[in-house]
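As C-alpha cells, the structure follows; a few thoughts come after it.
The values are calculated or read from the model by the stated rules, or taken from the named source; none is laboratory data. For clarity, every value in this text was computed on a predicted model and none was experimentally measured. Backbone-built Cβ (ideal geometry, glycine too); neighbour counts: all protein chains shown. Please note that ligands, DNA and RNA were not included when accessible areas were found on the heavy atoms of the full protein model with its side chains. Shrake-Rupley method; radii C 1.70, N 1.55, O 1.52, S 1.80 Å.
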Amino acid sequence: MKTGNKSKNSFPYKVQITSLKEVAPADAKVCVMNIMGNESRRVTPKSHEFSRGNVVAGVQYGRPGKMETAIGDIPVYSRVAEVMKHHEFDTGVVYLPPAAVFYAVTELCHYNKKLKKIVIVTEKLSVKDQRLIRAVCQASNIDVFGANSLGIADAWNQVRIGGALGGDHPEQALVKGSVAIHSNSGNFSNTIAEYLKTEGFGTTTVISSGKDVIIQFAVAEFLRAAQNDDRTKAVVLYVEPGGYYEKQALDWINEGRIKFDKPIIACVTGRWKSNLSRAVGHAGALAGDNDDAISKEKWFDAYFGMDAFNPEKPVVSARGVRVTSIQHIPQAMKYVFRKMKKKPDFKPAGDLSLKPWYGNDFGLQLPLELKIPIVEAVSPHKEEIAELKKLVGAMPVRQNMRNKSSVSRINESTNIAELYGRPIVDLIEYSYEELIVYTLLRKVPRSCDVPLVNFCLNYLSVPDEETYGLLKKVRENQATPNAEFAMVTSMLGNRSDFELSQKYMNLFLDFMVETNLRDYDDEIDISLFEKKIKALPGHGKQDKRFVSIFLELVNASPNPSNVLNAMTKIAGKLKVERPDVFIITAILFHFSLPELVLKKVTKQNVADLYTYLAIIAKLTASGNLKGMKLPLISELENFKNMSGSFSRSAFEYTFGYTPDKSELMEFNTLLALTLTNGAGTISAKGAKESVSARNHISMAYTGFLSNTGLAHGGSGFEAVEYLLESFQKHTKRANIQNLDEKSVKKLAVEAAVKYKVYKEDQKTKGVSSYKRIPCINHPVFKGKSVNIDPREDFIYKKFKADGIRNVFWDFYHDLVVALYENGVSSNVYCVNIDAVIAVISLKLMWKSIVSGKMPDEQMQRIGFIIFLLGRMVGVSAEIIDHRDRGLDMDCRTPVKELEYII
Amino acid sequence: MKLTGMKFGAPILKLADFPIPTILDADTKYENIEQLLDKRGKVVVKPVFSGGIGKKGKAGLVKIVSSVEEALDAKRTLYFATHTFHNEQIQANGVTFEEFIPSSYEIYFNLNVSTVTRRVNFTLTHHGGVDIEELEEGQIIERSFDPITGLKSYHIIDALAELKAPREIVSPLVQYLPRLWNLYNDYGFTTLEINPIRIEKSGNKYVPVACDFKAQFDQDNPQIRRLNIPAETFYTNLSNFEAEINQLRTYQGQSDVAVINPKGTITPFMFGGGANSAATEVLSQKATFSSDFGGNPPYEKMYNIAAIAFKYWLVQSNVLLVIGGKANNTDILVTFKGIFDALRDYTRKNGKPEIYVVVGRGGPNLIKGFAYASDLLNQLEIPYKFFGYDSSMLEVIQYAVDVDDFLTEKKRQS
C-alpha cells in the first residue's frame, strides 16, 4: 500500500519521542486544559501529587483561580497565553468536551513553541478533528497521545500525565520494573500492570493509547521507543480489532525499517466483533475489512512464528508470543524472561486465582467447586472493609413515606397481601409468637429459639390489677375493644423499662462492633462483657425463678449462641437496675444478630425490640374479660409454663379457656390472615401518621387503634350474625361440627331461597341498597361461571387436607351454589377471605354461645379483638418501617390535594 | 453508521453538486419508468437496504431491465430481497429505479480514513464497477493528502497520470472529484465510496455521474445532523432493547449494547472496551447482550440502563454479571448504586428474581460500592459473590458461566 509521503526518519510521519524514557519524564512540566472540569478535578490532584508536582498550571476559560492539592495549589489561568506569561511547560493535557478539543490543541501549539507532547483524555472526538489535530501537531513537531486516553505513566520516574491511569492509587499498579505496556483499553492498562505483579514484573512506561479510529501514538512508534529504552526488557500490547497499526509495525520491523528485537506479549481480543455492523465499546474497534481480530491474530502469529500461548504447555518464541486472554500475560512473560535468561523484577506478589471478598449463597447448594470461601481483601481494601463492618445494621435512606411501605404490599396479580415479600396465606402455618418475631425482625425464629420467644412474651404479658381495673371502667362506658386497647397503649408512654432496654441493647451493639461479633459461634470475651455491664448503673432485684427459667431454656437449646452462653454465666449475678429487662434484651440481641450482620434491620429497630414486644404482649392480655381470675395469669405469675406457646396464652386471654390443638391452629390462621392488608388501610395509616408526628412507639399503636372501628376490624360480626341466623335451629347443639353434609346443604338452600324472596321483595319496593349476604363475592374475583377467591380456596383446601372441618365454612360453599341454582346469582360467587375469619371465629366461640355465656356484644367484641391481635402485629412492621425511613410530618396531605366543598 | 444506495446517496450528492442519474423510488408511476426507458433504453433496478451493505451486484441483486413489465417484475423480486453481508442476513425494504448511464468508463473513487497514514486517503481507478481487490497493482492508486488543505485537483491529475488514464476522463474527474472531498469533510463522513462513476458523453463534454453510493459516518461528528437522515436509516436490525439503550447515549460514559442471544441466561454489565471484548468472547451465546458502560457514567444514566436491561432480560436470566478491570476513573459506588437500585426497584415491582449475582471489579470507591451492593442483596436475599481486581477477570467470567450452567441444570431438573 503506497503512502505517497516519504520521511527522513524511520516513519513516514514525524515522531519526536525516540525512547520510552521521554514519554513521562521526571522533569515534565504539564499544563491541563479544563483543569476545573468534573473529571480533571478528581484526577489532576492525584496525578500532581503522585508525580511530585509536575502540573505547573491549568486553564479554565474565563475562570482563573487555583486548584488545591495536598502538595500545594496549582494556579489556574483563563487562557494559554496567560499561562505562558508566568510558566514554562512542555506537555499539555486536554480534558475539554469533544467540540472544543481541536481548538484547545491549536491554542497550545500556537502559544507554546516548546511544547513536546499533548495527551487528549477526551473521548468521542470526531475523526475529522482527530486528523486535523494530527496535521497541526505534525506540523508543530508535537507527539500526541489519545484521544480517549487514560494517560501515560512511568513507574521509574513516578510520573503520571493525563488521565486516571492507576486510579486513586497509581502507586499500586505502577511498580518499577522492566515491562512496557501499550494498551487500546484504558482499563486494561491498569489491570495488566496489576496482573504482571503476580509473576514479579513491574513496569517502565504504560501508555493508554485509546481506541478511536485514529490512534495518535500507535504500536510502531511505541516499539521503536521501547527498543531505545534500556530499562525496558519486554513489552505487552493489548490490541482490539480495527486499524492496521499493528501490521504496519510488524511489517516495518520485518523490513528493517525500525529496529526492534525485544519480546512482545500481544493480547488480541474482539473476535466476536466481526459479527457487528456498528461499534460497541471502543469507537475504533469496528473492523472494516481484514483488520478484524482474526486478521490481527494472524499478523502476530506470523511474526512470532507460532500459535497462541497455551498455559498448559507453555512455549514462547524469542520474539514473544500471542496470548488469548490477559490472564495469561504474566505466565507468558515469565517464560519469555526465562528464554531471555533474565530474572523477574521482584518476588511474585499475589496471584490471580478467584478470591471473593464478599458473598452469600443464602442456602443455595452450589457444587463444591463453586463454593469458594470468602477471603480477606488486599490492603488497603481489607482495612476499608473492617471500618465499614463497624457500621452494623441497615442504613436506609430517609424519604417521604406517605403512601409508601417497604414491608407490605398487595400483589397485583394475586391480590393477596404480602408481608416482607411473603403472601399472608403462606404465613398461616406459623404460630403467633413466630409471626411476632417475623414481623419485628423479618425472619421466623429458629424452632430451638421459640421457647425463648414464648418466655419473653409470656413474661411481658403478665397483667396488673391496676390496668385491668381501668379496662373494666372503660368497658362499663361501652368503649369498643380498640378504645380499650388504646387506653393501654396510651398509658404506656415511654415506660422506664423501654428506655432501659434501649440502653442495654446499645451496650450489646457496641460490644458487637468492638469485638467484631458476627456469628453465633464467635467467641465472647467474657471479661470485657462483664466490664461493660459493670459500668451500667443500678442494682435491681433479681427474681431467681426468672433466672432459673432462662438458664434452663438456654441449656436445653441445642444451638444457643455464645452470647446466650455468656449470659448464662452472669445472669444470676447481674447488678443492673432491671436484671429481667437485661436478660430479655440479651435474648432479643441473640435473635437480631444475624439480621444486623446482614443489614436487614436497623440498629434503631433492634434497640426498640423490647418495646414492641412488651406492647404486643400487654395488648394481647388486655382482651381478657376474666380479669386476674384467669387461670393462665396465676400460672405465669408463678413462673409456670413460661415457655409454653404464646399463641395458647393469646387464645386464653381472648376466649377464656384453653384451646385444643385444632382450635389453636385455627386461631393462628385467623391471626395470620389479619396481619396486613397493605399500608393503605386506615389502621396502618393511623400508625404511620402517628410516627410521622414523631410520637413514641406506644402512641403509634394508639394511632393504629384509633383508626380501627366498627367499619374496619369490627365488621366481622355481621357475618357471624348471618351465620347464627342461618344455623338458628342448631344453636343449642354443642357438637355442631358433627352436623352431616346433607343437613348443612339443606340449611344453605333454605338460606338461598329466603334471600331470594327478600331480594325480590326489596326490588319490588324499589330499594336498591338492600342487605347483601356477607362474605361472598368479591370486586376482583368475579365474572367467571364459578368464581374463587384464591386466598380462601387455599386455606379451605389446607384445612380439609388437615382433617379440620368447619360446618359454617361448608355452609358458605353450599350457599354460593344454592344461590346460583335458585337463580339469585348469575354465576357461582366466590366465598371470600372475610368468610374465613367469620367461620373460624364462630367455630371458636361456639362452645360459649351454646352454654349461653356469650351474649351478642361479646361475640362482636371477640371478632374485633381477633382482628386487633393480628393486625397490631402486622402494623408493628409499618411502625418500624416508618421510624426507619420516614421524615417528620411526611404524612401531611399537600394543600393541592385537598378539596373544599359545601 | 453506514448507508448504501442512491435512494439515500442522491440527495446527499446533490449537496456537493455532483451529477447523479434520475432516481425513482418504488412507488413511482409507470409513466416515469417509461420515460426513463425512452431516454435510455434501460433502467437499473436495485433493492434498498438500511445500513452499509455491499456486494449487491455479485449477489445478483442489481437488475438491468428494458421494459416496464421487467421493471415491475424486478421490483417484485427485489423489494424484500435478503442478502447476507458480513455474517448478517439483511432484508431489503423497497427498490429504486435508476437511470441507466451508458459509458465506456467506470471509475471507482473512495475517500477513507487510513490508519496507516492516519490521514484521509483517496483511492482511484478507472477500472471500476468491479471488485477492486481483484485489480492488479498499477491499475489502482491510493494516496493520502493533508487534511487541512484537503483534496485538490492536482492530487487527481497526478493520480490519473500515474494510472495512465484515458485523456477524456481526466478533466471531468479533476473538476468533480474534489467536490466529494467537500462533502466528506463537511458532513461527518469517515468513508465515501462511489462505484461506479460513469462518464457520460454529452455532446463534446464528458460528465461523471455517480451511479452508486456507499458511506460511513462518524457518530461522534455533529456535522452529520446537517444531512437530516433519520437514525433508523442506518440500522439493519436494531432491536427494541438496543434502541432504548441507544437513547441514553450521551457525552459522558458509554452505553453501547448489541444483543447477542435473545435466549441468553447471563445478563452482563461490562465496563470498558477490554472487559467488553474479553467477556463477550467467553460468555458467547450465554450472554443476552454485549455491552460497554465504561467511561464513568453518572448515577441516573446507569440506573436507567440497568432498569431497561432488567426489564428485557432479568426474568430469563440465571446470572447477573458485573465485570470490568481495575477502573481508572469510573466511580464504582456510583455505578453500583445505579445498577443495584434498579435491581431493588425491579424486585419491588416484579418480585425477587431467581438470579445469582457475580461481580468482578476494581477502581475508585470499590469497597463502598461492594458494601452498598452487598447490603442490598442481603436485604433481598439474592445470592452473590464479589471478586476484587486481584482475581483474574477471565476466571470471574468463567465462574459466572459455571454458576449459570449449574442453575440451568437445576431449573431443568425441577
State whether the residues of segment A:35-50 include one that is closer than 23 Å to A:Val206 by Cβ, more than 14 Å from every other protein chain (Cβ to nearest Cβ), open to solvent by 30 Å² or more (accessible area, probe 1.4 Å) and under 46 Å from the mean Cα position of the chain (by Cα).
yes
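What helices (runs of 4 or more DSSP H), lying completely within segment A:471-565, carry at least 3 residues that are farther than 30 Å from A:Glu857 by Cβ?
On the way: elements: A:481-492, A:496-514, A:526-534, A:544-556.
Result: A:496-514, A:526-534, A:544-556.
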Among the candidates B:Ile397, B:Ile332, B:Ile323, B:Ile367, single out the residue that is open to solvent by less than 10 Å² (accessible area, probe 1.4 Å), free of Cβ contacts under 8 Å to residues at least 12 places away in the same chain and more than 30 Å from A:Ser405 (Cβ to Cβ).
B:Ile367
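Suppose we filter A:Ser592, A:Ser634 for residues that are buried (at least 24 other Cβ atoms within 10 Å of the Cβ) and outside any loop (DSSP other than H, G, I, E, B); which single one remains? First the steps, then the outcome.
Details: A:Ser634 fails: buried (at least 24 other Cβ atoms within 10 Å of the Cβ).
On inspection, the qualifying residue turns out to be A:Ser592.
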For segment A:340-364, the count of residues that are touching a residue at least 60 places away in the same chain (Cβ under 8 Å), in a loop (DSSP other than H, G, I, E, B) and facing chain B (nearest Cβ under 7 Å) equals 2
One residue is enough: does segment B:362-369 have a residue meeting the conditions assigned to a helix (DSSP H, G or I), closer than 27 Å to A:Glu240 by Cβ and not aromatic (Phe, Trp, Tyr)?
yes
Out of the residues in segment A:537-562 meeting the condition of being touching a Leu at 6+ places or on another chain (Cβ under 7 Å) and not polar (S, T, N, Q), tell me which one is least open to solvent (accessible area, probe 1.4 Å).
A:Val554
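Just the residues that are aromatic (Phe, Trp, Tyr) and more than 16 Å from A:Val450 (Cα to Cα), please, taken from segment A:548-594. So that I can check it myself, show each step before the final result.
The initial filter retains those residues of segment A:548-594 that are aromatic (Phe, Trp, Tyr), namely A:550, A:582, A:589, A:591.
Within segment A:548-594, just A:Phe582 meets the criteria.
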Residue count, segment A:499-515 (criterion: out of contact with any Asp or Glu (no Cβ under 8 Å at 6 or more places or on another chain) and either touching a residue at least 24 places away in the same chain (Cβ under 8 Å) or of a type in the set (S, T, N, Q) (or both)):
10
Given A:Pro380, A:Pro367, which one is within 10 Å of chain B (Cβ to nearest Cβ), more than 20 Å from A:Leu517 (Cβ to Cβ), without any contact (Cβ under 8 Å) to a residue 12 or more places away in the chain and of a type outside the set (Lys, Arg)?
A:Pro367
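Condition check ((1) under 20 Å from A:Pro356 (Cα atoms); (2) facing another protein chain (nearest Cβ under 10 Å); (3) under 30 Å from the mean Cα position of the chain (by Cα)) across all residues:
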{"residue": "B:Leu333", "(1), (2), (3)": "yes, no, no"}
{"residue": "B:Gly338", "(1), (2), (3)": "no, no, yes"}
{"residue": "B:Leu343", "(1), (2), (3)": "no, no, no"}
{"residue": "B:Thr347", "(1), (2), (3)": "no, yes, no"}
{"residue": "B:Tyr356", "(1), (2), (3)": "yes, yes, no"}
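Answer with yes or no whether B:Ile101 is modelled with pLDDT of 95 or more, open to solvent by less than 20 Å² (accessible area, probe 1.4 Å) and either out of contact with any strand residue (DSSP E or B) (no Cβ under 9 Å at 6 or more places or on another chain) or not in a strand (DSSP E or B) (or both). Talk me through it step by step, then tell me what you get.
Details: modelled with pLDDT of 95 or more: no; open to solvent by less than 20 Å² (accessible area, probe 1.4 Å): yes; either out of contact with any strand residue (DSSP E or B) (no Cβ under 9 Å at 6 or more places or on another chain) or not in a strand (DSSP E or B) (or both): yes.
Against the criterion (modelled with pLDDT of 95 or more, open to solvent by less than 20 Å² (accessible area, probe 1.4 Å) and either out of contact with any strand residue (DSSP E or B) (no Cβ under 9 Å at 6 or more places or on another chain) or not in a strand (DSSP E or B) (or both)), B:Ile101 does not qualify.
Of all residues in segment B:304-316, which are surrounded by fewer than 24 Cβ atoms within 10 Å (Cβ to Cβ) and either more than 26 Å from the chain's Cα centre (by Cα) or aliphatic (A, V, I, L, M) (or both)? Even if it seems obvious, please write down each step before you answer.
First pass over segment B:304-316, keeping only residues surrounded by fewer than 24 Cβ atoms within 10 Å (Cβ to Cβ): B:304, B:307-308, B:310-316.
B:Ala307, B:Ile308, B:Leu314, B:Val315, B:Gln316 - these are the residues of segment B:304-316 that are surrounded by fewer than 24 Cβ atoms within 10 Å (Cβ to Cβ) and either more than 26 Å from the chain's Cα centre (by Cα) or aliphatic (A, V, I, L, M) (or both).
Can you confirm whether segment B:154-176 contains a residue that is open to solvent by less than 50 Å² (accessible area, probe 1.4 Å) and under 29 Å from the mean Cα position of the chain (by Cα)?
In the first step, residues of segment B:154-176 are kept if they are open to solvent by less than 50 Å² (accessible area, probe 1.4 Å); the result is B:155-156, B:159-160, B:163, B:165-166, B:169-170, B:172-174, B:176.
Cutting the leftovers down to under 29 Å from the mean Cα position of the chain (by Cα) gives us B:176.
Yes.
Among A:Lys298, A:Lys342, which is among the charged types (D, E, K, R), more than 26 Å from A:Ala173 (Cα to Cα) and either in contact with a strand residue (DSSP E or B) (Cβ under 6 Å, 6 or more places away or on another chain) or modelled with pLDDT of 95 or more (or both)?
Values: A:Lys342 fails: more than 26 Å from A:Ala173 (Cα to Cα).
Every option except A:Lys298 fails the conditions.
So that you can scan it fast, the table gives a plain yes or no per residue for (1) over 17 Å from A:Ile214 (Cβ atoms); (2) open to solvent by 10 Å² or more (accessible area, probe 1.4 Å); (3) within 14 Å of chain B (Cβ to nearest Cβ):
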residue	(1), (2), (3)
A:Ala100	yes, yes, yes
A:Leu108	yes, no, no
A:Lys114	yes, yes, no
A:Ile133	no, no, yes
A:Gly146	no, no, yes
A:Asp154	yes, no, no
A:Gln158	yes, yes, no
A:Ile161	yes, no, yes
A:Leu165	yes, no, yes
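Condition check ((1) assigned to a helix (DSSP H, G or I); (2) closer than 22 Å to A:Asp814 by Cα; (3) free of Cβ contacts under 8 Å to residues at least 60 places away in the same chain) across all residues:
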| position | (1), (2), (3) |
| --- | --- |
| A:Ala672 | yes, no, no |
| A:Ala684 | yes, no, no |
| A:Gly703 | yes, no, yes |
| A:Glu718 | yes, yes, yes |
| A:Lys729 | yes, yes, yes |
| A:Val744 | yes, yes, no |
Considering only residues of segment B:371-410 that are at the interface with chain A (Cβ under 7 Å from one of its Cβ atoms), not small (Gly, Ala, Ser) and not in a helix (DSSP H, G or I), which is farthest from A:Ser353 (Cα to Cα)?
B:Glu381
Just give me the residues in segment A:324-348 being more than 39 Å from the chain's Cα centre (by Cα) and either at positive phi or open to solvent by less than 30 Å² (accessible area, probe 1.4 Å) (or both), in sequence order.
A:Ala332, A:Met333, A:Val336, A:Phe337, A:Lys341
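Residues A:Tyr812, A:Tyr770, A:Tyr758: which one is crowded, with 17+ Cβ neighbours inside 10 Å, on the phi < 0 side of the Ramachandran plot and not aliphatic (A, V, I, L, M)? Steps first, answer last, please.
Numbers: A:Tyr770 fails: crowded, with 17+ Cβ neighbours inside 10 Å; A:Tyr758 fails: crowded, with 17+ Cβ neighbours inside 10 Å.
Result: A:Tyr812 is the single residue among A:Tyr812, A:Tyr770, A:Tyr758 that is crowded, with 17+ Cβ neighbours inside 10 Å, on the phi < 0 side of the Ramachandran plot and not aliphatic (A, V, I, L, M).
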Can you spot a residue in segment A:256-271 that is in contact with a Lys or Arg (Cβ under 6 Å, 6 or more places away or on another chain), at pLDDT below 95, away from every other protein chain (no Cβ under 14 Å) and open to solvent by less than 40 Å² (accessible area, probe 1.4 Å)?
yes
Any chance you could count how many residues in segment B:276-292 are at pLDDT 90 or above and within 7 Å of another protein chain (Cβ to nearest Cβ)?
1
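Yes/no per residue for (1) open to solvent by 70 Å² or more (accessible area, probe 1.4 Å); (2) under 20 Å from B:Asp375 (Cα atoms):
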site: A:Gly350; (1), (2): no, no
site: A:Leu354; (1), (2): no, no
site: A:Trp357; (1), (2): no, yes
site: A:Asn360; (1), (2): no, yes
site: A:Leu364; (1), (2): no, yes
site: A:Ile374; (1), (2): yes, yes
site: A:Gly393; (1), (2): no, yes
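Scan segment A:123-131 and tell me whether some residue there is more than 9 Å from every other protein chain (Cβ to nearest Cβ) and surrounded by 23 or more Cβ atoms within 10 Å (Cβ to Cβ).
Pass one, segment A:123-131, residues more than 9 Å from every other protein chain (Cβ to nearest Cβ): none.
No: segment A:123-131 contains no residue that is more than 9 Å from every other protein chain (Cβ to nearest Cβ) and surrounded by 23 or more Cβ atoms within 10 Å (Cβ to Cβ).
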Regarding A:Trp809, is this residue free of Cβ contacts under 8 Å to residues at least 60 places away in the same chain, assigned to a helix (DSSP H, G or I) and within 20 Å of A:Arg733 (Cβ to Cβ)?
yes
